[in-house]
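A.B. asks: Can you read through this structure? Questions will come right after.
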Amino acid sequence: MHQIQERLNDVLQRIRDAERDFSRAQGSVKLLAVSKTRPSQDIRQAAAAGQKRFGENRLQEALEKIRQLADCDLEWHFIGRVQSNKTRAIAEHFHWLHSLDSIKNARRLSTQRPDTLAPLKVCLQINVSGETSKGGFRLEEAQEASELISNLPGLELCGLMAIPAPAETLAEQRRPFRVLRELREELARPDMPLSTLSMGMTDDLEAAIAEGATIVRVGTAIFGPRL
Ligand SMILES: *Cc1c(COP(=O)(O)O)cnc(C)c1O
């Protein structure tokens, strides 16, 4: 078996183990394979092993791969910083955006989403550690932002996403993920269930699953160190 396929199986096993260890329903956590910096050939290998969702954070690089892999029927997730002048390409080429962090860009994406496509699925990125350098809505901005964005016709607000600062122990890793889970519980309503929690990467996916992650975004553990 190819190395990427072996690593992919290892990551899927880690996810299943964490679901069991933290009393999560089996299969409730989805894997987003973060393929940034990796060539299309690597993505093709992961796709051959059954992986369908791929995450990219640089637009030009992503568009190139989307074109090269058009025959594979993959689901593309944008996870990088959104620049206003790039919203049209995101609206036209992606299924998901995890890192929505401004109302202005939300309105642009909604207007620019082609009518022929289903609404773009989005998560609000939340700055859970309060670091000014990090992207994301502040916790106190989240309610207003979620209500506004849930009303935009070109977008489907699916949930929340965070990229906490790295931490060493499981307990420390869980803390910011718990903040995101509690925010979700606070904001969710019958007409806005916010069922997606996009959190957890190679080094902290167990902590994220313990706190309710529904999508983990994993790069290094599948594809090896970044190129
Ligand atoms: C790169 C990246 C990941 C994956 O990180 P790994 O540590 O390689 O698993 C997840 N989320 C975002 C937003 C990223 O930019």
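A short reminder: the numbers here are calculations on the coordinates, not readings from a lab. Please read all numbers here as calculations on a predicted model, not as lab measurements. Note: ideal-geometry Cβ built from the backbone for every residue, glycine included; neighbour counts use all protein chains shown.
A.B. asks: Could you grab me the full set of residues in segment 35-91 that are among the small types (G, A, S) and either outside any loop (DSSP other than H, G, I, E, B) or in contact with a Lys or Arg (Cβ under 8 Å, 6 or more places away or on another chain) (or both)?
C.D. replies: Correct list: S35, S40, A46, A47, A48, G55, A62, A70, G80, S84, A89, A91.
A.B. asks: Moving to a separate point now. Can you confirm whether segment 172-186 contains a residue that is assigned to a loop (DSSP other than H, G, I, E, B) and within 13 Å of the ligand (Cβ to nearest atom)?
C.D. replies: No.
A.B. asks: Please give the number of the condition L160 fails out of (1) part of a strand (DSSP E or B); (2) within 15 Å of the ligand (Cβ to nearest atom); (3) out of contact with any Cys (no Cβ under 9 Å at 6 or more places or on another chain); (4) over 20 Å from R16 (Cα atoms).
C.D. replies: Of (1) part of a strand (DSSP E or B); (2) within 15 Å of the ligand (Cβ to nearest atom); (3) out of contact with any Cys (no Cβ under 9 Å at 6 or more places or on another chain); (4) over 20 Å from R16 (Cα atoms), only one is false for L160: (3).
A.B. asks: Count, please, the residues in segment 52-64 that happen to be more than 14 Å from the ligand (Cβ to nearest atom) and touching a strand residue (DSSP E or B) at 6+ places or on another chain (Cβ under 7 Å).
C.D. replies: Matching residues across segment 52-64 total 1.
A.B. asks: Same structure again: Applying the selection to segment 127-158, what residues are crowded, with 16+ Cβ neighbours inside 10 Å and among the hydrophobic types (A, V, I, L, M, F, W, C)?
C.D. replies: V128, F137, L139, A142, A145, I149, L152, L155, L157, C158
A.B. asks: Failed condition for D42, given (1) buried (at least 18 other Cβ atoms within 10 Å of the Cβ); (2) within 25 Å of A213 (Cα to Cα); (3) not hydroxyl-bearing (S, T, Y), with all others met?
C.D. replies: Going through the list (1) buried (at least 18 other Cβ atoms within 10 Å of the Cβ); (2) within 25 Å of A213 (Cα to Cα); (3) not hydroxyl-bearing (S, T, Y), D42 breaks only (2).
A.B. asks: Within segment 130-149, can one find any residue that is under 22 Å from P190 (Cβ atoms) and either within 16 Å of the ligand (Cβ to nearest atom) or among the polar types (S, T, N, Q) (or both)?
C.D. replies: yes
A.B. asks: Which residue out of L69, L31, L59, L97 is in contact (Cβ under 8 Å) with a residue 60 or more places away in the chain and among the aliphatic types (A, V, I, L, M)?
C.D. replies: Selected residue: L31, the only one of L69, L31, L59, L97 that is in contact (Cβ under 8 Å) with a residue 60 or more places away in the chain and among the aliphatic types (A, V, I, L, M).
A.B. asks: Still on this structure, please answer the following. May I ask you to list the residues in segment 192-227 that are touching a residue at least 12 places away in the same chain (Cβ under 8 Å), more than 16 Å from the ligand (Cβ to nearest atom) and more than 19 Å from E172 (Cβ to Cβ)?
C.D. replies: Across segment 192-227, the qualifying residues are M192, L194, S195.
A.B. asks: Quick one: would you say N9 is in contact with a Gly (Cβ under 9 Å, 6 or more places away or on another chain), in contact (Cβ under 8 Å) with a residue 12 or more places away in the chain and not acidic (D, E)?
C.D. replies: no
A.B. asks: May I pose another question? Which members of segment 7-41 meet the condition of being within 13 Å of the ligand (Cβ to nearest atom) and over 19 Å from D204 (Cβ atoms)?
C.D. replies: Passing the criteria: S35, T37, R38.
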